[in-house]
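A.B. asks: Please read through the structure below; I'll follow up with questions.
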Amino acid sequence: MTKAIVLFSGGLDSLLTTRILQSQGIEVIGLHLGTPFQDISPEAAVWAEKFGIEMVTRRFGAEYLKMLANPHWGYGKAVNPCIDCRIMMIQAAAELMRERGADFVATGEVAGQRPNSQKLHQLELISRKSGIGGKLLRPLTAKTLPPTEMEEAGLVDREKLFSYTGRSRSQLIRRAKTQFDIHPIPQPSTGCLLAEKSFAPRIRDLLKRNPEPSLWDAEALLFGRHLWLDERIKAIVSRRESDGKKTVAHFKRPDRSPSFLMTPENFMGPSVLIVASPGSAPFTDDDYALAGSLMLRYTNPEKVAKIGAPAEANLFRTPGEREIIQISPDERSAAFHLIEE
Ligand code: SF4
């Protein structure tokens, strides 16, 4: 039986691609990929079960950051290195193809659908640079491209493939509903923070200060407010309860960069994670005092007034080392600006 690896995000294009191949009697294994900036989607597993396919999940890590720092083909409108990213994804699928003895890789790419990676010449470039040779099929747009070796060898019936182009989803949606019984239709979303302009300043700031960030450094960008206190240290202040939990969990990771954590002790307020730039001097008492004052800056003053005693915070120099300290406002903390500002 012919076997294909489908890049399976759980979005409409990958669902259609899977159904098209299944309708030709081809066995599909879905490859669901995550990056430090694009989470694994729980919906993908639900669709995989519905379609009766095996889904393999993999997540890019440090190698992705290395590419992000210096993408050969540059960035899109934000800090999205889409061409390099697609090449990595297809290489990952090609690796799984070899591991599983599959015949080819298929993606849901549509020529002209995405300006940063799916123009015709970019599709050709991605095929070539991924090193997959002729073993890459794009069933939704195949008839606009030269026949692949799978079509020529009769593993795939080209007549039953499609020639969709452009950004409109309406024809794809109609096809999904009428021919392939796909419902509900997934909402369009890249789910990728790198494509969001509001996230770009954080990435640019990180890479400017540290061209070789660790995964811990990069994943710390995913929550809280980020402010530089001086050239040495950055504060991450939680915005909501879920941020607070993430901040604590992040600090507990064994791969953490030099940092300390402060949580409120006798009032309701944000957690503050302080991270040092690479190679900077050890933290000082002044750094702890500034972190405490920053916590107060982002706390409702009424809550602080209600304590009726000096505000206190838990200072964790390491996850297992807790000390309760008194904290107080410091006018310097009012001058710190969010990285996004
Ligand atoms: S949007 Fe993000 S995940 Fe998608 S190709 Fe671009 S960089 Fe990669």
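The values are calculated or read from the model by the stated rules, or taken from the named source; none is laboratory data. A quick note: this is a predicted structure, and the numbers were derived from the prediction, not measured. Cβ coordinates were reconstructed from backbone atoms using ideal geometry, including for glycine residues, and neighbour counts include every protein chain displayed. With ligands, DNA and RNA removed, areas are computed over all heavy atoms of the protein, side chains included. Shrake-Rupley method; radii C 1.70, N 1.55, O 1.52, S 1.80 Å.
A.B. asks: Across region 256-272, in residue order, what do the Karplus-derived ³J(HN,Hα) couplings come to in whole Hz, using 6.51 cos²θ - 1.76 cosθ + 1.60 with θ = phi - 60° and x for Gly and Pro?
C.D. replies: My calculation for region 256-272 gives 5, 7, x, 6, 9, 10, 10, 10, x, 9, 10, 7, 8, x, x, 8, 10 Hz in order.
A.B. asks: Mind pulling the angle between the C-alpha long axis of helix 42-51 and the longest principal axis of the chain? Nearest 10 degrees, somewhere in 0 to 90.
C.D. replies: Result, in degrees: 20.
A.B. asks: So what's the convex hull volume per residue for the Cα atoms of region 198-335, in Å³?
C.D. replies: Taking the convex hull of the Cα positions in region 198-335, it is 109 Å³ per residue.
A.B. asks: Taking amide hydrogens as modeled 1.01 Å from N in the peptide plane, which residues meet the under 5 Å criterion relative to residue 277, leaving out close sequence neighbours?
C.D. replies: Under 5 Å from the amide H of residue 277 lie the amide H atoms of 233, 234, each far enough along the sequence or on another chain.
A.B. asks: Give the percent of DSSP beta bridges with both residues in the chain that are antiparallel, rounded to the nearest 5.
C.D. replies: 60
A.B. asks: Based solely on its DSSP helices, what 222 nm [θ] is calculated for the chain when runs of n ≥ 4 H residues each add -39,500 (n - 2.57) and the sum is averaged over all residues, nearest 500 deg cm²/dmol?
C.D. replies: After summing the helix terms and dividing by the residues of the chain, the value is -10000 deg cm²/dmol.
A.B. asks: Sticking with the crude label model, points 7 Å out along Cα→Cβ, report the distance from residue 209 to residue 159 in nm, one decimal please.
C.D. replies: If labels sit at residue 209 and residue 159, their model points lie 6.2 nm apart.
A.B. asks: In addition: Students often check this: by mean Cβ neighbours within 10 Å, which of 302-311, 145-154 ranks highest, and how do the rest follow?
C.D. replies: Top of the packing list down: 145-154, 302-311.
A.B. asks: Under a point-charge model restricted to the Cβ atoms of Lys and Arg (+1) and Asp and Glu (-1), what is the dipole moment magnitude of region 9-107 relative to its Cα centre, in debye to the nearest 20?
C.D. replies: 220
A.B. asks: Which value, in debye to the nearest 20, gives the size of the charge dipole of the chain about its Cα centre, when Lys and Arg are +1 and Asp and Glu are -1 at the Cβ?
C.D. replies: That gives a dipole near 960 debye.
A.B. asks: If each of residue 57 and residue 328 carries a label point 7 Å out from its Cα toward its Cβ, how far apart are those two points in nm?
C.D. replies: Between residue 57 and residue 328, the label points sit 5.0 nm apart.
A.B. asks: Karplus couplings for region 317-330 from phi (6.51 cos²θ - 1.76 cosθ + 1.60, θ = phi - 60°), rounded to Hz, Gly and Pro as x?
C.D. replies: 6, 9, x, x, 10, 10, 9, 8, 10, 7, 10, 8, x, 9
A.B. asks: Which order do you get for 323, 331 if you rank them by accessible area with a 1.4 Å probe, largest at the top?
C.D. replies: Accessible-area ranking of 323, 331, largest first: 331, 323.
A.B. asks: Round to a whole angstrom and tell me the spacing of the C-alpha centers of region 234-277 and region 122-160.
C.D. replies: Between the Cα centres of region 234-277 and region 122-160 lies a distance of 48 Å.
A.B. asks: Right, something else. Note the full-extension length gain between residue 306 and residue 216 as 0.36 nm times their separation in residues minus their Cα-Cα distance, in nm to one decimal.
C.D. replies: Result for the pair: 28.7 nm of gain on full extension.
A.B. asks: Now, a different point. Report the label-to-label distance for residue 240 and residue 43 in nanometres (one decimal), using points 7 Å from each Cα along the Cα→Cβ vector.
C.D. replies: 1.9
A.B. asks: Using only Cα atoms and rounding to the nearest 10 degrees, what angle (0 to 90) does helix 82-100 make with the longest principal axis of the chain?
C.D. replies: Between the helix axis and the principal axis of the chain, the angle is about 60 degrees.
A.B. asks: Treating the angle as unsigned and between 0 and 90°, give the value, to the nearest 10°, between the Cα long axis of helix 200-209 and the longest Cα principal axis of the chain.
C.D. replies: That works out to roughly 70 degrees.
A.B. asks: Among 257-263, 245-251, 97-103, how do they line up from the highest to the lowest mean number of other beta-carbon atoms within 10 Å?
C.D. replies: 257-263, 245-251, 97-103
A.B. asks: Give the peptides 10-16, 159-165 in descending order of average Cβ contacts within 10 Å, highest first.
C.D. replies: Ranking, from highest mean packing down: 10-16, 159-165.
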